[in-house]
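**Q** Sending over a structure as structure tokens; questions will come in a sec.
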Amino acid sequence: MKRHLISAADLTRDDAVLILDTAEEMARVADRPIKKLPTLRGRTVVNLFFEDSTRTRISFEAAAKRLSADVINFSAKGSSVSKGESLKDTALTLEAMGADAVVIRHHASGAPYRLATSGWIDGAVVNAGDGTHEHPTQALLDAFTMRRRLVGPDAGIGRDLDGRRITIVGDVLHSRVARSNVHLLHTLGAEVTLVAPPTLVPIGVEHWPCQVSYHLDEVLPKSDAVMMLRVQRERMNAAFFPTEREYSRRYGLDGDRMARMPEHAIVMHPGPMNRGMEITAQVADSDRCTAVEQVANGVSTRMAVLYLLLGGNESAISPAPARTEENK
Ligand code: NCD
């Protein structure tokens, strides 16, 4: 039985829909005067952050607290990690403190997987972003936002995002958000197109369940949602485009470009935004941009994930497929 959320690719359609439906229930709690549920009283959630974060860390903290869990926030800066302590010794310390769930963000792709499979800890592991690999709860909150805006909260199982055209634009190469979104959106039946300069398209993208285009203006009129990605300079060790101006001109979203999108289409951004680079202030501040809504939806979605992983509903995350003779 899977007890962890490491990758959006691990989620079946039923898992994803269950999380999104549960998030919808959690969002209703957020509308009440008292926003707290007693569900995880007495359980301990550790936020283990080895990389900078604003939204994701606060969001997981708010989610765990609204479910009445005890929350321990750990950030590598100012901890014994800066004295050279290993992931293993950090994990053993958390285990000794009785962590029921560990939410981990790490600069190394694969660190959450290592934690989940190492035997160092007993609790559930939730990937809050690992290197350039995956960020599954971001993809879930994005899908939740799209479902609310494009389908409506009453969408039944099987109709989720079916046939919706989602365009993901920018630094796909360094984006764990793009990877997780491609997997999850495909699972939910959406058609994904990646738009990026050729230098920022990952090797092997032809095996991903999506299309690739280099022409933003051609794709915009055919998009129900356009997700803009931040240019991740901190992960770049080379020049991937000539100048910022050139990048913005070809791959940035400004008011004129937004006007090419269908009237119902939304603009998304996981944050943090580089205003003036991949998105202009005019677009970021427009009613069509869901960036702030995505943050609010993140709390409900992470409440759903923690609730389903720790609250005892085993159908939340699928069992690993049985190793039969055919699929060995
Ligand atoms: C993203 C991340 O950290 O991967 N942000 C987030 O979680 N809200 C995207 C980014 O840093 O650009």
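The values are calculated or read from the model by the stated rules, or taken from the named source; none is laboratory data. Since we're looking at a predicted model, the values are computed, not measured. Heads up, the Cβs are rebuilt from the backbone with ideal geometry, glycines too, and the neighbour counts pull from every protein chain shown.
**Q** What are the residues in region 273-288 that are touching a residue at least 24 places away in the same chain (Cβ under 8 Å) and outside any helix (DSSP H, G or I), if any?
**A** 273, 274, 276, 277, 278, 279, 280, 286, 288 - these are the residues of region 273-288 that are touching a residue at least 24 places away in the same chain (Cβ under 8 Å) and outside any helix (DSSP H, G or I).
**Q** Enumerate the pairs (first residue in region 297-312 and free of Cβ contacts under 8 Å to residues at least 24 places away in the same chain; second residue anywhere and within 16 Å of the ligand (Cβ to nearest atom)) with beta-carbon separation below 8 Å, excluding pairs fewer than 6 apart on the same chain, so at least 6 apart or on different chains.
**A** The qualifying pairs do not exist here.
**Q** Still on this structure: Would you list the strands (runs of 3 or more DSSP E) that sit entirely within region 188-260 and hold 3 or more residues that are hydrophobic (A, V, I, L, M, F, W, C)?
**A** So the answer is 191-195, 225-228.
**Q** Restricted to region 261-272, and to residues that are in a loop (DSSP other than H, G, I, E, B) and surrounded by 19 or more Cβ atoms within 10 Å (Cβ to Cβ), which residue is nearest to the ligand (Cβ to nearest atom)?
**A** For region 261-272, the residue satisfying everything is 270.
**Q** Looking at (1) at pLDDT below 95; (2) surrounded by fewer than 15 Cβ atoms within 10 Å (Cβ to Cβ), which is the one condition that is false for residue 217?
**A** Tallying (1) at pLDDT below 95; (2) surrounded by fewer than 15 Cβ atoms within 10 Å (Cβ to Cβ), residue 217 fails exactly one: (1).
**Q** Sticking with this one: Under 8 Å by Cβ, and 6 or more places apart or on different chains, what pairs join a residue from region 3-26 that is within 29 Å of residue 119 (Cβ to Cβ) with one that is surrounded by 24 or more Cβ atoms within 10 Å (Cβ to Cβ) and acidic (Asp, Glu)?
**A** From residues that are within 29 Å of residue 119 (Cβ to Cβ), the pairs are 6/134; 7/134; 8/134; 9/134.
**Q** What number goes with the only condition from (1) crowded, with 21+ Cβ neighbours inside 10 Å; (2) closer than 18 Å to residue 10 by Cβ; (3) away from the ligand (no atom under 16 Å from the Cβ) that residue 208 does not pass?
**A** Answer for residue 208: the failing condition is (1).
**Q** Of the conditions (1) of a type outside the set (S, T, N, Q); (2) within 16 Å of the ligand (Cβ to nearest atom); (3) crowded, with 19+ Cβ neighbours inside 10 Å; (4) more than 23 Å from the chain's Cα centre (by Cα), residue 258 fails just one. Which one is it?
**A** The single condition residue 258 does not satisfy is (2).
**Q** Follow-up. Name the residue, out of 154, 162, 142, that is out of contact with any Ser or Thr (no Cβ under 6 Å at 6 or more places or on another chain), at pLDDT 95 or above and of a type in the set (Asp, Glu).
**A** Result of the check over 154, 162, 142: 142.
**Q** Do any residues in region 92-119 that are without any contact (Cβ under 8 Å) to a residue 12 or more places away in the chain have Cβ atoms under 9 Å from those of residues that are of a type in the set (Ser, Thr, Tyr) and surrounded by fewer than 24 Cβ atoms within 10 Å (Cβ to Cβ), where the two are at least six apart or on different chains, and which pairs are they?
**A** Hits for this filter: 93/80.
**Q** While we're on this one: Would you please name the residue that is farthest from residue 293 (Cα to Cα), looking only at residues in region 40-69 that are surrounded by fewer than 17 Cβ atoms within 10 Å (Cβ to Cβ) and more than 16 Å from the ligand (Cβ to nearest atom)?
**A** 42
**Q** Inspect all residues belonging to region 79-94 and state whether any of them is within 23 Å of residue 180 (Cβ to Cβ), outside any strand (DSSP E or B), modelled with pLDDT under 95 and under 20 Å from the mean Cα position of the chain (by Cα).
**A** no
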